[in-house]
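What follows is calculated from the coordinates using simple rules that are stated; it is not laboratory data. Model, not experiment: these values are computed from the prediction. Ideal geometry is used to build each Cβ from the backbone, glycine not excepted, and the neighbour counts take in all protein chains shown.
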């Protein structure tokens, strides 16, 4: 078996470097994968799963905490994203997928314009005030890759996968600002409709037609 293979865990989720991801492990093959990772204090890769397979880029995670171990071997863990990678080839010799990968990071090291960060933070705050946004940890506003922390509130996996591949923090923030500028008004409309729905918009009275 080739050395240096990265174990892969396909999920319908995108994780970024530095961001947490809680997982409930119940399949036998992933019990083995996670147990090995905890024993060796090693990484495994999270890749986005689609109906026709997996995408060819992902992010490694490490297990930070085992929060619950069940009698049947199931477990609840907290992981955290580490390094982004591209899949070069797959290996199916084990019960779970492994891959030869190439790691990458940002190659645009120019300072990020402050107005980009400020605008992204402003829109992030606006979105988190809406009930539909996911609860996430408070972002570190001084983080070099702030975009990854802010993107956690977005449910669009295709958009998140695109951000994961982007190798410029300025580029990610521009994409994020553009996306949120369209997404937030739609979510506000959804929240208004949900607020009206219990009363049919007429104070709870049935409309006679």
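Working note: 222 nm ellipticity from helices only, DSSP H runs with n ≥ 4, each -39,500 (n - 2.57), summed and divided by the residues of the chain, gives -11000 deg cm²/dmol to the nearest 500.
Just checking the listed ones, 96, 70, 30: in the Gaussian network model of the chain with Cα springs under 10 Å, the one fluctuating most is 70. Both radii come from the Cα set of the range 6-104: Rg as radius of gyration, Rh as Kirkwood radius; their ratio Rg/Rh reads 0.94. Share of pairwise Cα-Cα distances greater than 22 Å in the chain is 57 percent (whole percent).
Of the peptides 61-67, 160-166, 78-84, 137-143, the order by per-residue mean of other Cβ atoms within 10 Å, starting with the highest, comes out as 78-84, 160-166, 61-67, 137-143.
Full extension of the chain between residue 42 and residue 186 yields a length gain of 47.7 nm, computed as 0.36 nm times the residue separation minus the alpha carbon distance. Take each peptide in 178-185, 14-21, count the other Cβ atoms within 10 Å of every residue, and average; sorted highest first, the result is 14-21, 178-185.
Ordering 25, 154 by the number of other Cβ atoms within 10 Å of each residue's own Cβ, fewest first, gives 154, 25.
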